[in-house]
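K.L.:
Pasting a structure below so you can have a look.
The values are calculated or read from the model by the stated rules, or taken from the named source; none is laboratory data. Please read all numbers here as calculations on a predicted model, not as lab measurements. Cβ: placed from backbone, ideal geometry, glycine included. Neighbour counts: every protein chain shown. We work out accessible area using only protein heavy atoms, side chains counted, and drop any ligands, DNA or RNA first. Shrake-Rupley method; radii C 1.70, N 1.55, O 1.52, S 1.80 Å.
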Amino acid sequence: MTRFFRVFVPATSIALLASEILLVTSAFVVATYLVLEVYPIVFLLYDGGMAQLVPVILSILIGMHFSDLYSQFRVESRIVLLQQLCLVIGFAFLTQGLLSYLSPGLRVPLRVMAMGSALSMIAIFLWRIFFSAFTLHVMGRDTLLLLGGSPLLAEIARDIEEHPEKGLAISGYLRDDREIGTQLTGGRVLGPVSSLREAVQVNRPNRIVVGMSERRMAMPVQELLDLRFAGHIVEEAAFTLERVCSRVSLRELRPSQLIYSGDLGPRVQTLIVQTLTNRILSALGLVLASPLMLLTALAVRLSSSGPVLYRQVRVGLDGAPFTLYKFRSMRDDAEALTGAVWATKDDPRVTKVGRIIRKLRFDELPQLVNGVKGDMSIVGPRPERPEFVRELSEKIPYYRQRHCVRPGITGLAQISYKYGDTMEDTITKLEYDLYYIKHMSFSLDTYIIFHTVKAMLLSRGAQ
């Protein structure tokens, strides 16, 4: 796995993206040789042909991203893959039509567009089938040997099982509390902790992940030191979980790790740049989204009685309260009897129009006003209500630490995890928030915004 945008990206995904950039580019270059009467080199290099092809190539790659073809590249059904590629090519044609209308100089000749798109679809279809079947075996997997009985090891193994595209595999477990051969999540028990040297020699793992429930009594310190100095990579389970899952584990997080950490927490320079950038982006977004906001406000007003905007007190930077603005998606009397409660799946309090604007995330557009005022950032932890913050701070360690940055309209937890309505969900989302705070940067914000657009278009994560 390679680190990009402050998150770890599977090497297989990078290889797939690079190879398909080459495939699509080659398909359109070949198309110019097949259909143009003029010499292709003249068209590509001197008549601005390459500049015309770049937006088409980008639109195909973006369409594939929005179709989840880079997060789930295993071909489960060839028919589904063909349908996805047809949608991607259709998106490319629509993008080309819009660009041609806005700037005629970017118009790709119709025959080149048709032939290049056909060649691209055929090439990607065949390449995906080959890549799904053979490339993981050719490139190899990053194998992990899990040492100990920490629950974190089971979380890591479960994530690896659910996401084979990450290119990781479990070579086995070493545990004292299980019989040899016992099948666990992702692999079987190879032996006791004392057999560490033999297990490494036989299985040759890329990494040894240590998750010991009792560090002082059972940790094979000398063996781990010898293996580390022999060139083997040894990691703590908490670090591996952070690397693989992009969240900071609360199970084994100790105050000293936060106090003495050199890279945890937002830096002053980062906060200054984020504050300035977010106010500018919020103002720009408010202008661009104003027609959509007007239509949404009209739909809310005509569909149910009550105010169009919903005002609610939330907890912001350093625990200070602020008023958050949203388009009303529930009945006006939604909490008259119950008080403050979490939204649930298929919540009966949500109106018909409210259900639609929640799926599309249009109900959150007025939060751009909070961004202009400086109450919120574009990216950050989700702002919670004071009633929930008091309750959660008493039950969950380190919950107050999420208020060291401004809350966000979107965030890493929102794009990585489902809408949380239980204590376990809240803990998991806090782990994502702590990861964001630890690695807070412009590049990570860009990554989150890019995936937020995808979540909005595919109506994911709302409730």
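K.L.:
Kindly flag which residue pairs out of K352/K395; K166/K373; K395/K454; K352/K438; K166/K418; K166/K326 have an alpha-carbon separation exceeding 32 Å in this structure.
P.N.:
K352/K395; K166/K373; K395/K454; K352/K438; K166/K326, as the Cα separations exceed 32 Å there.
K.L.:
Please label the shape of region 1-145 as rounded, prolate or oblate, based on the square roots a ≥ b ≥ c of the eigenvalues of the alpha-carbon gyration tensor (a/c under 1.5 means rounded; beyond that, a/b larger than b/c means prolate, else oblate).
P.N.:
prolate
K.L.:
Do you know the relative contact order of region 78-173, to the nearest whole percent, from alpha carbon pairs under 8 angstrom that are 6+ apart?
P.N.:
The value is 25 percent.
K.L.:
Let me ask something additional. For the chain, with only Lys/Arg (+1) and Asp/Glu (-1) charged at the beta-carbon, what is the dipole magnitude about the Cα centre, in debye rounded to 20?
P.N.:
I would put it at about 820 debye.
K.L.:
Estimate the FRET efficiency between F134 and E394 by the formula 1/(1 + (r/R0)^6), using the beta-carbon distance for r and 41 Å for R0, to the nearest 0.05.
P.N.:
That gives a FRET efficiency of 0.15.
K.L.:
Spin-label point model (7 Å from Cα, Cβ direction): what's the R301 to D425 distance in nm?
P.N.:
With each label point 7 Å from Cα toward Cβ, the separation is 3.3 nm.
K.L.:
With a 1.4 Å probe and all protein chains kept in place, how do I122, I448 rank by accessible area, largest first?
P.N.:
Ranked from most to least accessible, the order is I122, I448.
K.L.:
For Cα pairs less than 8 Å apart in space and 6+ apart in sequence, what is the mean separation divided by the residue count of the chain, i.e. the relative contact order in percent?
P.N.:
13
K.L.:
Right, next: Region 41-56 to region 84-156: how many Å between their Cα centroids?
P.N.:
Cα centroid of region 41-56 versus Cα centroid of region 84-156: 22 Å apart.
K.L.:
Could you state how much accessible area I170 has, in square angstrom rounded to the nearest 10, with a 1.4 Å probe and all protein chains kept in place?
P.N.:
30
K.L.:
Given only helices, namely DSSP H runs of n ≥ 4 each adding -39500 (n - 2.57), what is the per-residue ellipticity at 222 nm of the chain, to the nearest 500 deg cm²/dmol?
P.N.:
So the calculated ellipticity at 222 nm is -16500 deg cm²/dmol.
K.L.:
Continuing with this model, one more query. So what's the gap between the Cα centers of region 180-201 and region 292-336, to the nearest angstrom?
P.N.:
Between the Cα centre of region 180-201 and that of region 292-336, the gap is 55 Å.
K.L.:
Which FRET efficiency value, to the nearest 0.05, is calculated for S100 and Y417 with the Förster distance at 30 angstrom and r the Cβ-Cβ distance?
P.N.:
0.15
K.L.:
Give me the accessible area per residue for region 1-98, probe 1.4 Å, as a whole number in Å².
P.N.:
Roughly 52 Å² per residue, with all protein chains present.
K.L.:
Distance between the C-alpha centers of region 345-422 and region 219-248? Whole Å please.
P.N.:
Value for the Cα centre distance between the two parts: 35 Å.
K.L.:
For region 148-237, what is the accessible area per residue in Å², given a 1.4 Å probe and the full set of protein chains?
P.N.:
Per residue, region 148-237 has an accessible area of 54 Å².
K.L.:
Among DSSP beta bridges whose residues both lie in the chain, state the antiparallel percentage, nearest 5.
P.N.:
Around 40 percent of the beta bridges assigned by DSSP in the chain are antiparallel ones.
K.L.:
Separate question: By how many nm would the segment from F8 to V221 lengthen if fully extended, with 0.36 nm per residue of separation less the alpha-carbon distance?
P.N.:
Extra length from F8 to V221 when fully extended: 73.8 nm.
K.L.:
Something else about it: Size of the chain along its principal axes in angstrom, Cα-based, largest extent first?
P.N.:
Sorted largest first, the three principal extents are 73, 63, 43 Å.
K.L.:
Using label points projected 7 Å from each Cα along Cα→Cβ, tell me how many nm separate L250 and Q183, to one decimal.
P.N.:
The modelled label-to-label distance comes out at 3.3 nm.
K.L.:
Residue by residue, what Karplus-based ³J(HN,Hα) values in Hz, rounded to whole numbers, does region 398-410 have, using 6.51, -1.76 and 1.60 with θ = phi - 60° and x for Gly and Pro?
P.N.:
My calculation for region 398-410 gives 6, 5, 5, 5, 5, 8, 7, 10, 5, x, x, 5, 10 Hz in order.
K.L.:
Run the simple label-point estimate for S77 and V273 please: 7 Å along Cα→C-beta, distance reported in nm.
P.N.:
So the label points at S77 and V273 sit 4.5 nm apart.
K.L.:
How much accessible area per residue does region 274-316 have, in Å², with a 1.4 Å probe?
P.N.:
Accessible surface, normalised per residue, equals 61 Å².
K.L.:
Probe radius 1.4 Å, ligands and nucleic acids ignored: give me the carbon and sulfur share of the accessible area of the chain as a rounded percent.
P.N.:
Percent of accessible area from carbon and sulfur atoms in the chain: 62.
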